[in-house]
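Undergrad: Here it is: the structure, laid out below.
The values are calculated or read from the model by the stated rules, or taken from the named source; none is laboratory data. Owing to the predicted nature of the structure, the values given are computational and were not obtained by experimental measurement. Glycine gets a Cβ as well: all are built from the backbone with ideal geometry, and neighbour counts include every protein chain shown. For the accessible areas, the whole protein counts, side chains as well, though only heavy atoms, and no ligand, DNA or RNA atoms are used. Shrake-Rupley method; radii C 1.70, N 1.55, O 1.52, S 1.80 Å.
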Protein chains: 2
Amino acid sequence: MKFTISEQEELLFLFKTLNNQLGPKFERNTNFSLSRFELLYQLVQYDEISQSRLQKIINIDHAAITRHLKQLEADELVSRRRNPTDNRETIVHLTDEGYKQIMNCQQDKSSFANQMFLQFSDEELQSLMDMLKRIQENIR
Amino acid sequence: MKFTISEQEELLFLFKTLNNQLGPKFERNTNFSLSRFELLYQLVQYDEISQSRLQKIINIDHAAITRHLKQLEADELVSRRRNPTDNRETIVHLTDEGYKQIMNCQQDKSSFANQMFLQFSDEELQSLMDMLKRIQENIR
DNA sequence: ATTATATTATTGAGGGGTCAATGATTGATG
DNA sequence: CATCAATCATTGACCCCTCAATAATATAAT
């Protein structure tokens, strides 16, 4: 006995598939994973920021944040130190090398995003963004 | 010095975030990961199917397919045997227990998908599907 | 027939993510 | 001020994924 799949359900799986394809492609183009890129990007914006604030912005688990930053620190793209006024916090800061590298792959990231949304109108981008945010709300 | 992020780039990261949230939620609701669910779903459709055909349908790496099916076999939701007419292939078949379990969580999956697309019109679903497929084409 | 080529499945290494438990530090409260 | 509760970071266990290398089998080509 077979059963059918609704359009909604098809979309759910399409999402997963698309994402599985997106991540590796992005990484091949920029040499950074999406998460690492986001992390470094935020560090450019904030200069100094605690891990827990980064966590809230990036929206991945604390554990993943810690491990990414430890690795980025080992790679010397980032420096970390305790917050003197609150010793629970670790404050993260981009090194010169980190800044250089994230700036270097700006172009790659942009052209990747352009390729991804080739032939999308502004209205479509807007509507897509809107729908994704609504989905996010719906499953919250 | 800061730099800005285009709408396209914002969408790229929104995709990743949304997906990171989608997977775990789905799993908590159905007790199957999205991939396992898809695998079992296809087995309901095909009754018997080779791993390589499954791989092409589900669109994840061969290695992941092998590991999922080995685990599902250990859980006795699936049986596997060599194809007598082509010994390279492994043919996969759903067990009664596997059938029972996948059918059991149909309801959970449906209500999850409904929740996800709450207040989406048919046109929106259609347009979303269309856009996702175009993105998939664009990055292929 | 024998050799070269392609297909299928498997494994190992490594990256990314979650959840749960732990330890340290800070803040609030009786 | 002593204790209890919240916050932050870290670690371990485990899941999912990709890529690359390998082994086995089948197919094609000389």
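Undergrad: On the rotation axis linking copies A and B, which residue of A comes nearest by its Cβ, and by how many whole Å?
TA: A:N19, 2
Undergrad: Could you derive backbone 3J(HN,Hα) for the range B:20-37 from the dihedral phi with the Karplus parameters 6.51, -1.76 and 1.60 (θ = phi - 60°), listing whole Hz in sequence and x where the residue is Gly or Pro?
TA: 4, 7, 4, x, x, 4, 4, 5, 5, 7, 10, 6, 10, 5, 3, 5, 4, 4
Undergrad: Now for a separate question. At a probe of 1.4 Å, how much accessible area disappears from chains B and A on forming the pair, both sides counted, to the nearest 100 Å²?
TA: Chain pair B/A: roughly 6800 Å² of buried accessible area.
Undergrad: I would also like to ask the following. Relative to the other copies, what are the label-point distances for A:Q119, with labels 7 Å from Cα along the C-beta vector, expressed in nm at one decimal and sorted shortest first?
TA: 3.3
Undergrad: Would you calculate a helix-derived [θ] at 222 nm for the protein assembly as shown, using -39,500 (n - 2.57) for each DSSP H run of n ≥ 4 and dividing by the full residue count, to the nearest 500?
TA: Mean residue ellipticity, 222 nm, calculated: -21500 deg cm²/dmol.
Undergrad: Calculate the mean, over all residues of peptide B:27-36, of how many other protein chain Cβ atoms lie within 10 angstrom of the residue's Cβ.
TA: Counting Cβ atoms of other protein chains within 10 Å of each residue's Cβ and averaging gives 1.
Undergrad: Measuring nothing but label to label, 7 Å from Cα along Cα→Cβ, what are A:N29's distances to the other copies in nm, shortest first?
TA: For A:N29, the inter-copy label distances come out at 3.0 nm.
Undergrad: How big is D for the protein assembly as shown, in µm² s⁻¹ as a whole number, if Stokes-Einstein is applied with the Kirkwood radius of its Cα pairs at 20 °C and 1.002 mPa s?
TA: It diffuses with D of about 102 µm²/s by this estimate.
Undergrad: Can you send over the solvent-accessible area of B:D108, 1.4 Å probe, protein chains only, in Å² to the nearest 10?
TA: Around 60 Å² of this residue is reachable by solvent.
Undergrad: Now for a separate question. Pick out, from A:I91, B:Q55, B:A74, the residue whose Cα sits farthest towards the positive end of the charge dipole of the protein assembly as shown, with +1 on the Cβ of Lys and Arg and -1 on the Cβ of Asp and Glu.
TA: B:A74
Undergrad: Accessible surface of A:I65 in the full protein assembly, 1.4 angstrom probe, to the nearest 10 Å²?
TA: Ignoring ligands and nucleic acids, A:I65 comes out at about 0 Å².
Undergrad: Could you order A:M103, A:M129 so the one with the most accessible surface comes first? Probe is 1.4 Å.
TA: A:M103, A:M129
Undergrad: Using only atoms on other chains, find how many Cβ atoms lie within 10 Å of each Cβ of peptide B:45-58 and report the average.
TA: The mean count of partner-chain Cβ atoms within 10 Å per residue comes to 1.
Undergrad: Sorted by accessible area with a 1.4 angstrom probe, largest first, how do B:H93, A:H62 fall?
TA: The residues order as A:H62, B:H93, largest area first.
Undergrad: Rank by packing, highest mean first: peptides A:28-38, A:73-83, with packing defined as the count of other Cβ atoms within 10 Å averaged across residues.
TA: A:28-38, A:73-83
Undergrad: How high is the relative contact order of the range B:26-108? Use alpha-carbon pairs under 8 Å, at least six apart in sequence, and give a whole percent.
TA: Relative contact order for the range B:26-108 comes out at 32 percent.
Undergrad: Give me the angle, in degrees from 0 to 90, between the Cα long axis of helix B:62-74 and the longest principal axis of the Cα atoms of chain B, rounded to the nearest 10.
TA: 50
Undergrad: If each of B:Q119 and B:D86 carries a label point 7 Å out from its Cα toward its Cβ, how far apart are those two points in nm?
TA: Simple spin-label model gives 5.0 nm for this pair.
Undergrad: What percent does the relative contact order of chain B come to when contacts are Cα pairs within less than 8 Å and at least six residues apart?
TA: Once divided by the residue count of chain B, the mean separation gives 21 percent.
Undergrad: What do you get for the angle between helix A:122-138 and the principal long axis of chain A? Use alpha-carbon atoms, 0 to 90 degrees, nearest ten.
TA: Helix A:122-138 sits at roughly 80 degrees to that axis.
Undergrad: Of the listed pairs A:K16/B:K100; A:K16/B:K109; A:K25/A:K109; A:K56/B:K109; A:K109/B:K56; A:K109/B:K133, which have alpha-carbon separations greater than 19 Å here?
TA: Distance filter (> 19 Å) returns A:K16/B:K100; A:K56/B:K109; A:K109/B:K56; A:K109/B:K133.
Undergrad: Given a 1.4 Å probe and the protein chains all in place, what does the accessible area of A:T17 round to, in Å² to the nearest 10?
TA: Taking all protein chains as shown, A:T17 has close to 10 Å².
Undergrad: Kirkwood hydrodynamic radius (Cα pairs, Å) of chain B?
TA: 17.4
Undergrad: Taking the Cα centre of each part, how many Å lie between the range A:77-140 and the range B:1-62?
TA: Answer, in whole Å: 21.
Undergrad: What accessible area per residue, rounded to a whole number of Å², is obtained for the range A:33-104 using a probe radius of 1.4 Å?
TA: 54
Undergrad: How far, in nm to one decimal, is B:E76 from itself in the other copies if the label point is set 7 angstrom along Cα toward Cβ? Shortest first, please.
TA: 5.8
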